[in-house]
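**Student:** Handing you this structure, nothing more for now.
The values are calculated or read from the model by the stated rules, or taken from the named source; none is laboratory data. Since the structure is predicted, the reported quantities are computational estimates derived from the model, not experimental observations. FYI the Cβ positions are ideal-geometry reconstructions off the backbone, even for glycines, and counts take in every protein chain you see. All accessible areas refer to the heavy atoms of the entire protein, side chains included, with ligands and DNA or RNA removed. Shrake-Rupley method; radii C 1.70, N 1.55, O 1.52, S 1.80 Å.
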Amino acid sequence: MVEGKFITLEGAEGAGKSTQLQRLGDALNRAGVDVVRTREPGGSPAAEEIRTMLVSGETQRWVPETELLLHTAARVEHVASIVKPALAGGSWVVCDRFHDSTVAYQGHGHKLGTDMIDQLHQLLFGAFQPDLTLIFDLPVDMGLKRTQHRGGGEDRYERMEMEFHERLRHGFLEIADRHLDRCAVIDAAKDEDDVYQDVIACVNASFSLALD
C-alpha cells in the first residue's frame with residue numbers, strides 16, 4: 001500500500017486554521033481520499049492530557065524549556081499512535097500544528113532559539129516532516145481580535161503579551177523562507193472562502209489533484 005500524505009496547517013492565534021482544516025478534509029473526502037484530521041498539541045488520548053496543561057492556566061505557568069519538552073512529549077505520543085499508523089495505512093493526515101509551531105512559539109516567541117528545538121526533533125523523529133505545510137499569516141491585532149469570540153478556556157497563549165505575538169508572526173514567516181520546498185504562505189486576512197480557494201490551489205499544485 002502506498003503511504004498517505006502529511007499536510008500541516010500552521011499560523012498564529014486566530015488565523016482560521018481549524019476551519020480550513022475541516023474544509024480541506026471535506027474536499028479530500030469528496031475526491032475519494034481517506035483523511036485523518038488531527039491537531040497538536042493533542043490528537044491522541046495521552047497527548048490531549050498534556051495539551052490541557054499547555055493551553056490553560058497562567059501565562060507564566062511554565063518556563064520555556066518546560067513548554068518545549070511538554071510539546072515534544074505530546075508530539076511523540078501523537079506521531080506514534082495516530083500520525084504514522086494512518087500514513088502507513090494509506091490515509092492522508094491533515095494536522096492543525098506540528099513542529100513548526102514549536103519553533104515559532106518556543107523558539108521565536110519565547111526566545112529559545114531554533115537550534116535546540118531542531119536538534120531535539122532530529123533526535124526523536126529523524127527526517128520525518130510534513131509533505132506540505134500551509135502557513136496562515138495575518139496581522140497580530142486582527143488575529144487576536146478573532147480569538148475574542150472563542151470559548152473553552154484554552155487561551156493561555158492568546159493572553160501573552162503583544163510582543164510575543166509579533167515575534168511569533170515573524171517566526172512563522174522565517175520558517176516559510178527557510179523551507180520553501182514544503183511551505184506555502186496563505187493570506188489569512190482574506191475572506192474565509194477566498195482563503196479556502198488559496199488552500200485548495202496550493203494542495204492541488206503540490207499533489208497534482210483537482211480538488212474543488
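**Student:** Among residues belonging to region 134-154 that are open to solvent by less than 50 Å² (accessible area, probe 1.4 Å) and either charged (D, E, K, R) or in contact with a Phe, Trp or Tyr (Cβ under 7 Å, 6 or more places away or on another chain) (or both), point out the one that is nearest to Val93 (Cα to Cα).
**Tutor:** This residue is Ile135.
**Student:** Something else now. Could you list all residues from region 155-186 that are open to solvent by less than 70 Å² (accessible area, probe 1.4 Å) and part of a strand (DSSP E or B)?
**Tutor:** Listed by number, the residues that qualify are Cys183, Ala184, Ile186.
**Student:** Quick check on my filter: what residues within region 111-145 are under 22 Å from Gly57 (Cβ atoms), modelled with pLDDT under 95 and not small (Gly, Ala, Ser)?
**Tutor:** Correct list: Leu144 only.
**Student:** Could you please find all residues in region 187-212 being of a type in the set (A, V, I, L, M, F, W, C) and either part of a loop (DSSP other than H, G, I, E, B) or touching a residue at least 24 places away in the same chain (Cβ under 8 Å) (or both)? Reasoning before the result, please.
**Tutor:** Restricting attention to region 187-212, the residues satisfying the condition of being of a type in the set (A, V, I, L, M, F, W, C) are 188-189, 195, 199-203, 205, 207, 209-211.
Scanning region 187-212 gives Ala188, Ala189, Val195, Val199, Ile200, Cys202, Val203, Phe207, Leu209, Ala210, Leu211.
**Student:** Tell me whether region 52-67 contains one or more residues that are closer than 28 Å to Asp212 by Cβ and in contact with a Leu (Cβ under 9 Å, 6 or more places away or on another chain).
**Tutor:** Taking region 52-67 as the starting set, the residues that turn out to be closer than 28 Å to Asp212 by Cβ are none.
Scanning region 52-67, I find no residue that is closer than 28 Å to Asp212 by Cβ and in contact with a Leu (Cβ under 9 Å, 6 or more places away or on another chain), so the answer is no.
**Student:** What pairs come up if the first residue lies in region 1-23 and is at positive phi, the second is assigned to a loop (DSSP other than H, G, I, E, B) and surrounded by 24 or more Cβ atoms within 10 Å (Cβ to Cβ), and their beta carbons are under 7 Å apart, counting only those six or more places apart or on different chains?
**Tutor:** Final answer for the pair search is Gly11/Ala188; Gly16/Ala188.
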